[in-house]
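Structure record follows, encoded as structure tokens.
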Amino acid sequence: MDLIKKRRKKSMKISFGISKDRIEGLKKYIERNLILFVALFLICLSLYSFNVFYSNGLGLAYNDARSHLNIGRRVVEGLKPGLAQLGSVWLPLPHALMIPTIWNNFMWHSGLSGALISMASFVGTGIIIYKFLEKLGVEILARLFGVLVFVANVNILYLQSTAMTELLLIFTMTAAVYELLLWHKEDKVTSLIKAAFWMMMASLIRYDGWFLLAFGSALIILNAFKKHGAKAAEGMFILFATLAGLGIGLWLLWNLLIFGDPLYFAFGPYSARAQQLQLEQAGVLATKGNILLSAKVYLYALIYNSGAFTAILGVLGMAAFWLNKKVETSMKIASTALLAPFAFNILALYLGHSVLFIQGISGETWFNVRYGVMMLPTFAIFTGYLVHKLTSLRATIIGLFLFVTFFAFANVDAVTIDDARVGSSQKNVTEVSGWLRQNAKDEKGFVLISAASHDAIIFSSGLPMGKFIHEGTGLYWENATTSPDRWARWIVMRTNDLNDSTFKLVKQSGQLEKYDLVNSYPFADIYQLKSEYLANLNTEPVLGKQK
């Protein structure tokens, strides 16, 4: 009996040993492949979120989303298609990335052509946050929590479901800072080149990327000088700046070749500066020259987008990271690049280069409040680090975050949705676009309209892009604004508003008397050519290819 018992015990030990080995092997397998599971989860979440917002009609609520889609579409379809349609109002990368899919009507009108870019950026940013925390020595649970802080945010999930540019910018800037951190940590030139590449990409999305490029350049010079001396610092900077600054150089060249002025994007009639001047004249650009109000407005935007609890955790995480004596000084310095969006937005508001309305603080409505979402990856990274360090409070922090997040989703608490639905970023153009769809769709003739003022109408009408004469149609625009009765069967414009270039030019032509005002709506009026002038109307694209 004793012999049998000994054999049984030995057998149990062997079985237990094998089981333990298998468990350890499983753990190692999961650790090696966890990033793949994270990516798969993010892809599923991204697709689900797009479907939700597409189904309830919010995916195209932002006027800017429709304008972005129209810019991409004009490259492949219209009276004067081509790359010149990328224009100069916005930087070109988001629209260039739409070109492979925007030709398809469903991809255009559903917004999916632009949303796909945001969705891929959402997945990429989540992975970068995970890798970022891994390089900071953060354990798995805290890494996953950092990713959760980013993705469990209604504002992020909404913007990633639209054709807006925030997610693409967030991805490229976070990737750039990640590679910059690796270069500070490992001093590998490949990381410096990768950082330069991602900063170049960011510089072709929004001007936030230009600020990050300048900020990153200063950090590179400082670190290289400290470690290797002046000569090495000079060489490192030249290597970095040659690639990182390529996008800016190409953009200046583009403006020179297409518009005859390398700074047309900054000082042209459709530039952000022109918009800001109108707001300043109207007395609503309150942040210009007021640094305290600028900081206050952006802080509110930041908190509204991230949530007060998440913002507090992020700030505490920053303190825990920067006050940790075991962390190398160079790593702490590199991590300050995560604050570039914060510094840029306050500076832009102060200088009057940007406008942001917070209802009840600056302006009577919401406008551009989505800019506050740019700091969420920073908060996600530092919150993950905080959970890693405060092991005794880990369960409390995670529990409170889940509690707060549950109510945010239950109440659909998303300031970006409010901005898109009821703020200055929205326009209910259904009346104008519906009239065009009903009355102009099956009739011959062109619609004269300013895309700069009424791109949302063009998009929502559902009419082909070749139906419209706008600023980007070259000779059609020039002829139609001087002799509208020969080219435009319908005119859409804001009567007596000189900021509407169509009205301004048509008024100068003196031909408006040949049109009947058929309908007047809050955002635009519709004029139709009188029947006695139809005989001389051009209804076909007769001008052919133009330079």
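Listed by chain and number, the aspartates and glutamates placed with their C-alpha closer than 15 angstrom to that of residue 288 are 280; residues fewer than eight positions away on the same chain are left out. Going down the list 135/188; 231/326; 188/227; 131/296; 194/296; 296/332, which pairs span over 24 Å between their C-alpha atoms? Going by Cα-Cα distance, 231/326; 131/296; 194/296; 296/332 fall outside the 24 Å limit. Exposure proxy ranking for 125, 190, based on other Cβ atoms within 10 angstrom of each Cβ and starting from the fewest, stands as 190, 125.
Residues 109, 95, 388 in ascending order of nearby Cβ atoms (within 10 Å, fewest first): 109, 388, 95. When only alpha carbons of the stretch 195-280 are considered, Rg and Dmax amount to 15.9, 50 Å. Taking square-rooted eigenvalues a ≥ b ≥ c of the alpha carbon gyration tensor, is the stretch 132-186 rounded, prolate or oblate, where a/c under 1.5 means rounded and, failing that, a/b exceeding b/c means prolate? Since a/c reaches 1.5 but b/c is at least a/b, the shape of the stretch 132-186 is classed as oblate. Size of the stretch 124-247: Rg and Dmax of its alpha carbons, in Å, are 15.5, 48.
Please compute one quarter of the surface area of the Cα convex hull for the chain and express it in square nanometres.
That works out to 32.7 nm².
About its Cα centre, the stretch 430-536 has a charge dipole of approximately 160 debye under the convention of +1 per Lys or Arg Cβ and -1 per Asp or Glu Cβ, with nothing else charged.
The C-alpha radius of gyration of the stretch 430-536, expressed as a fraction of 2.2 N^0.38 Å, stands at 0.94.
Projecting the Cα atoms of 117, 248, 420 onto the dipole axis of the chain, where Lys and Arg carry +1 and Asp and Glu carry -1 at the beta carbon, places 117 farthest toward the positive end. Go through 457, 468, 509 and say which Cα lies farthest out towards the positive end of the charge dipole of the stretch 430-536; charges sit on Cβ, +1 for Lys and Arg, -1 for Asp and Glu. Looking along the dipole axis, the top candidate is 468. Using the charge dipole of the stretch 319-451 (Lys, Arg: +1 at Cβ; Asp, Glu: -1 at Cβ; taken about the Cα centre), state which of 359, 401, 329 has its Cα farthest towards the positive end. Of 359, 401, 329, it is 329.
Roughly how big is the chain's charge dipole about its Cα centre, with Cβ charges of +1 (Lys, Arg) and -1 (Asp, Glu), in debye to the nearest 20?
2960 debye
Taking Lys and Arg as +1 and Asp and Glu as -1, the other residues whose beta-carbon sits under 10 Å from that of residue 446 total +2. Extents of the stretch 25-162, largest first, come to 62, 30, 24 Å (Cα atoms, principal axes, whole angstrom).
Using the Karplus relation 6.51 cos²θ - 1.76 cosθ + 1.60 with θ = phi - 60°, the per-residue 3J(HN,Hα) values for the stretch 509-518 come to 6, x, 9, 5, 5, 7, 10, 9, 7, 8 Hz, with x marking Gly and Pro. For residue 507, a cut-off of 15 angstrom between C-alpha atoms picks up these aspartates and glutamates, skipping any fewer than 8 places away in its own chain: 478, 485, 497, 516, 525. A viscosity of 0.692 mPa s and a temperature of 37 °C, combined with the Kirkwood radius over Cα pairs in Stokes-Einstein, give a translational diffusion coefficient for the stretch 306-431 of 196 µm²/s. Relative to one another, the C-alpha centroids of the stretch 208-237 and the stretch 491-545 are positioned 54 Å apart. Could you tell me whether the stretch 482-539 comes out rounded, prolate or oblate from its Cα gyration tensor? Rule is a ≥ b ≥ c as square roots of the eigenvalues, rounded for a/c under 1.5, then prolate if a/b exceeds b/c, otherwise oblate. Oblate, because a/c is 1.5 or more while a/b does not exceed b/c. Here the dipole of the stretch 138-223 is about 60 debye; that uses its Cα centre as origin and unit charges on the Cβ of Lys and Arg (positive) and Asp and Glu (negative).
A short reminder: the numbers here are calculations on the coordinates, not readings from a lab. What you see is a predicted model; the values in this text were computed from it and never measured. No Cβ is skipped: glycine too gets one built from the backbone with ideal geometry, and neighbour counts run over all protein chains shown.
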